[in-house]
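Report on the following structure.
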Ligand SMILES: Nc1ncnc2c1ncn2[C@@H]1O[C@H](COP(=O)(O)OP(=O)(O)OP(=O)(O)O)[C@@H](O)[C@H]1O
């Protein structure tokens, strides 16, 4: 029996350097370790410029770390060829940015169906799964609305539903409440927590709203590229 435990997302000794000046480098991530298990939300906090978005971009396999290991479900992505990494990203990772980036001319359900087509899945099931995911985020009644007919909170819910379309194992969320008022922010964070449990995904959420941190399972702080060991939050 194989008893090896592989967290959904694992970063080990990850360092990321950006070129800075003529010969210098800037260390945006400095020996970062982070492990996120399925069904849990890890909140990532820290001052501006501390490296939070860099960490998400490396975890999303959108940029290569300078050194260290990034694993998704036990697969070391740092050793994969570009095509395999792109495939793994599309099959395992859902990314939610602060701005939903919806296409203005498409209805809510079409936003989800087109994402599935871009993923190479043009099956007829895409539409029924899209309706299902809109229902999960409480927008079944708004499936035929276009972005300008939705509130900011509803647009962010479409964004979340779209990220769920590909059955991700890992959800990476960057400031999901940046454009929302307090009430809508809280309901979006609560929704992210409940889908994390319902779909058994590992969610890492960058947030400046420390008020909502207690809704997550653990919190880790970035400071000058270094990450503290995540602290568990009592239920
Ligand atoms: N493409 C880049 N090239 C060079 N330096 C970069 C680049 N992207 C980010 N940085 C630098 O890396 C450091 C970390 O930036 P990052 O965006 O990850 O921080 P952050 O914690 O997400 O900040 P914020 O909360 O303001 O979004 C900063 O010093 C930033 O200036």
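The values are calculated or read from the model by the stated rules, or taken from the named source; none is laboratory data. The model shown is predicted, which means the values in this text are computed figures rather than measured ones. Cβ atoms come from the backbone with ideal geometry, glycine included; neighbour counts cover every protein chain shown.
Kindly indicate whether any position in segment 143-160 is more than 23 Å from residue 109 (Cβ to Cβ) and away from the ligand (no atom under 16 Å from the Cβ). Break it down into steps so the answer makes sense when it comes.
As a first pass, look at segment 143-160 and keep what is more than 23 Å from residue 109 (Cβ to Cβ): none.
No, the conditions are met nowhere in segment 143-160.
Output the residue which, of all residues in segment 8-21 that are surrounded by fewer than 19 Cβ atoms within 10 Å (Cβ to Cβ) and either closer than 20 Å to residue 169 by Cβ or within 14 Å of the ligand (Cβ to nearest atom) (or both), is farthest from the chain's Cα centre (by Cα).
In the first step, residues of segment 8-21 are kept if they are surrounded by fewer than 19 Cβ atoms within 10 Å (Cβ to Cβ); the result is 12-13, 15, 17-21.
Checking the rest, the ones that are also either closer than 20 Å to residue 169 by Cβ or within 14 Å of the ligand (Cβ to nearest atom) (or both) come to 12, 15, 17-21.
Details: 12: 18, 15: 20, 17: 22, 18: 22, 19: 26, 20: 28, 21: 31 Å.
Once the filter is applied, the top-ranked residue is 21.
Residues of segment 179-193 being under 15 Å from residue 214 (Cβ atoms) and within 17 Å of the chain's Cα centre (by Cα), which ones?
Result: 185, 189, 190, 192, 193.
(1) over 22 Å from residue 198 (Cα atoms); (2) in contact with a helix residue (DSSP H, G or I) (Cβ under 6 Å, 6 or more places away or on another chain); (3) modelled with pLDDT of 95 or more: which one isn't true of residue 149, the others all being true?
(2)
Being within 23 Å of residue 116 (Cβ to Cβ) and in contact (Cβ under 8 Å) with a residue 12 or more places away in the chain narrows it down to one of 52, 87, 92, so name that one. First the steps, then the outcome.
Values: 52 fails: within 23 Å of residue 116 (Cβ to Cβ); 87 fails: in contact (Cβ under 8 Å) with a residue 12 or more places away in the chain.
Only one candidate passes the filter, namely 92.
Take residue 221 and tell me if it is within 16 Å of the ligand (Cβ to nearest atom) and not in a strand (DSSP E or B).
Working: within 16 Å of the ligand (Cβ to nearest atom): yes; not in a strand (DSSP E or B): no.
So residue 221 does not fit the description; no.
Quickly run through segment 77-96 and pick out the residues that are under 22 Å from residue 225 (Cβ atoms) and more than 15 Å from the ligand (Cβ to nearest atom).
Our first condition is that a residue be under 22 Å from residue 225 (Cβ atoms); within segment 77-96, this holds for 77-78, 95.
Matches in segment 77-96: 77, 78.
Restricting to segment 25-70, name every residue that is in a strand (DSSP E or B), within 7 Å of the ligand (Cβ to nearest atom) and touching a helix residue (DSSP H, G or I) at 6+ places or on another chain (Cβ under 7 Å). Please lay out each step first, then the result.
First, pick out the residues of segment 25-70 that are in a strand (DSSP E or B): 25-36, 40-45, 67-70.
Then keep just the ones that are within 7 Å of the ligand (Cβ to nearest atom); that gives 26, 28.
Once the filter is applied, which keeps residues that are in a strand (DSSP E or B), within 7 Å of the ligand (Cβ to nearest atom) and touching a helix residue (DSSP H, G or I) at 6+ places or on another chain (Cβ under 7 Å), segment 25-70 yields only 28.
Return the total of residues in segment 190-205 being in contact with a strand residue (DSSP E or B) (Cβ under 7 Å, 6 or more places away or on another chain) and surrounded by 22 or more Cβ atoms within 10 Å (Cβ to Cβ). Full working, then the answer.
Let us first name the residues in segment 190-205 that are in contact with a strand residue (DSSP E or B) (Cβ under 7 Å, 6 or more places away or on another chain), namely 192-193, 196, 201-205.
If we keep only those that are surrounded by 22 or more Cβ atoms within 10 Å (Cβ to Cβ) as well, we get 192, 196, 201-205.
Within segment 190-205, residues that are in contact with a strand residue (DSSP E or B) (Cβ under 7 Å, 6 or more places away or on another chain) and surrounded by 22 or more Cβ atoms within 10 Å (Cβ to Cβ) number 7.
Residues of segment 28-44 being over 12 Å from residue 8 (Cα atoms) and surrounded by fewer than 19 Cβ atoms within 10 Å (Cβ to Cβ), which ones?
30, 31, 33
Here is a list of conditions, (1) at pLDDT below 95; (2) closer than 23 Å to residue 151 by Cα; (3) touching a helix residue (DSSP H, G or I) at 6+ places or on another chain (Cβ under 8 Å), and residue 108 meets all of them except one; can you say which number that is?
For residue 108, the failing item is (1).
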